[in-house]
Amino acid sequence: MSTELDIVEGEFVDVDGRPVPAARTGRHGIDVSGFDRDTVLVAGRPLPAAFAAPQYAAGDFVISEEIARLLSESRVPNTERNHRARIRVFERWCAERGRVALPCTTATLIEYVGWMILSDVYDPNTVSDYHSTVVTWQERETPGNTRPGTIQTGKMIAAFRRKWSATKTEKQSPAILEADLEEMVADCDRDHRQGIGRRDAAMLTMGWHLLSRRIELARLVPVHAELHTDGIAVRLVARKTRKDGSVFEAWIPARDDAPHLCPARRLRAWLEYARTVRMPLDRALFRALNKAGQLQVRLTPQTRPRHPDGQPKADHEIAVEEWVELSYLSGDAVNAVVKARARNAYRSVADLSEQQRVESGYNALLHEDTVKAVTAHGLRAGGASALREADVPEDQIAEMGDWRKDSAAMRRYFRRIRVRKQNPWAVARAGRMQERAAPL
């Protein structure tokens, strides 16, 4: 009995002495190699889409300018800026050596990674980040998402990391503990420049209690920080690990135990000043101020918006959303605020001996070297360390700080605390102290 579609058995052909299945076709030349025993076709009807090769037209590959703009806006601005800077380094390196940057060969990638390692300028994490950026760029910008081989470069970076770790440690900002924070906020209170001291105090206390990254502080807007009598409800929309764009809701309680460090009081003081200079509620919460205390925007030749042909826009051509973007401080600007406040705060404790600073609980302000190493990340590390010192569970700290629960970076902050509490000598010393304190 015959139907319109007749499926035949596959045959084997001899290739170099090996039996290889031939392509299976039906009576009408249809390739049935993708069929299985559960495939059901109805005679006289077209093949299902899964088995029929689509006939694309040019329109199937085109997107409109409006949609292209949405696609461009889907990329996180700060991450995209970092990626572009890394790609420019790679393109410049390729141009100097007469190599093709896009698409690059595996040999070019190997040579580039080797150059970074031998330059003695980059640490292993930086080499790894630049390598990943180049590979991702190759995939994103080439037809078919092609990429150079990475097996060799992965091994090179791993070997570099082992060798580097034998004599060096990763550069980390010292944690800004509560004693350090008190001195830095006190420096803000001594600042007589209009509004700047209030802004910086709010930035420091919020960053410390939120365990936030510097870019998360920079991207806050006033409507994201809702003040209440007993604290602040904060919405963080620039969290690094939330790739789906979801918002993180946080609560920072008011601190009656330390009013001078209370983020609610400090934010209220800053917003009180901000209203006097008519700061818009839909732009950045922490704004740049000039010497007269007036609002500024981050409009420089580098940040000025451009037309599609690359020409810079005149002020009257800049769109509203572009002015909003220009109102944000950069992550580097937030970092500069933290570093400056740490330097100023150290001057007020410099007359103490280092032992006295240890006994006072300083960490970031311990000595000149630690002060020089302070960055905005010290707020994040210090707040997390304070919570762990108070025996807050690690999973709760991870959620607050936007870390994975098994984050090695987070646990690095806690290792010293955990070792100190569990160290046999520390346990023995605590036992002796209890014995001495017990009544006779």
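The values are calculated or read from the model by the stated rules, or taken from the named source; none is laboratory data. Values in this document were obtained by computation on a predicted structure and should not be read as measured data. Virtual Cβ from ideal backbone geometry, glycine too; neighbours counted across all protein chains shown.
Listing for the model above:
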quantity: Any hit, region 312-322, residues being more than 28 Å from ALA409 (Cα to Cα) and either among the basic types (Lys, Arg) or touching a strand residue (DSSP E or B) at 6+ places or on another chain (Cβ under 8 Å) (or both); calculated: yes
quantity: Per-region count, region 389-409, residues touching a Lys or Arg at 6+ places or on another chain (Cβ under 8 Å) and either crowded, with 16+ Cβ neighbours inside 10 Å or under 25 Å from ASP332 (Cα atoms) (or both); calculated: 5
quantity: ILE63 vs. criteria in a loop (DSSP other than H, G, I, E, B) and at pLDDT 80 or above; calculated: yes
quantity: In region 332-356, the residues that are crowded, with 16+ Cβ neighbours inside 10 Å and over 33 Å from the mean Cα position of the chain (by Cα); calculated: VAL349
quantity: Residue satisfying all of: in region 187-210; touching a helix residue (DSSP H, G or I) at 6+ places or on another chain (Cβ under 6 Å) and not in a helix (DSSP H, G or I); nearest to ARG266 (Cα to Cα) among these; calculated: GLY195
quantity: Exclusive hit being in contact with a strand residue (DSSP E or B) (Cβ under 6 Å, 6 or more places away or on another chain) and at pLDDT 95 or above, set ILE157, ILE196; calculated: ILE196
quantity: Scan of region 186-202 for residues that are under 11 Å from LEU261 (Cβ atoms) and surrounded by fewer than 22 Cβ atoms within 10 Å (Cβ to Cβ), ordered by number; calculated: ALA186
quantity: Among residues of region 143-159, those that are in a helix (DSSP H, G or I) and under 21 Å from THR105 (Cβ atoms), counted; calculated: 10
quantity: Region 122-174, subset hydrophobic (A, V, I, L, M, F, W, C) and under 19 Å from the mean Cα position of the chain (by Cα), residue surrounded by the most Cβ atoms within 10 Å (Cβ to Cβ); calculated: VAL134
quantity: Matching residues in region 259-277 - criterion: being assigned to a helix (DSSP H, G or I) and either aliphatic (A, V, I, L, M) or not assigned by TED's automatic domain parsing to the domain that holds LEU227 (or both); calculated: LEU261, ALA264, LEU267, ALA269, LEU271, ALA274
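Each row is one residue, and each column tells you yes or no for (1) surrounded by 17 or more Cβ atoms within 10 Å (Cβ to Cβ); (2) among the hydrophobic types (A, V, I, L, M, F, W, C); (3) free of Cβ contacts under 8 Å to residues at least 12 places away in the same chain; (4) on the phi < 0 side of the Ramachandran plot.
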{"position": "ILE232", "(1), (2), (3), (4)": "yes, yes, no, yes"}
{"position": "VAL237", "(1), (2), (3), (4)": "no, yes, no, yes"}
{"position": "ILE252", "(1), (2), (3), (4)": "yes, yes, no, yes"}
{"position": "PRO263", "(1), (2), (3), (4)": "yes, no, no, yes"}
{"position": "THR300", "(1), (2), (3), (4)": "no, no, yes, yes"}
{"position": "ALA314", "(1), (2), (3), (4)": "no, yes, yes, yes"}
{"position": "GLU321", "(1), (2), (3), (4)": "no, no, yes, yes"}
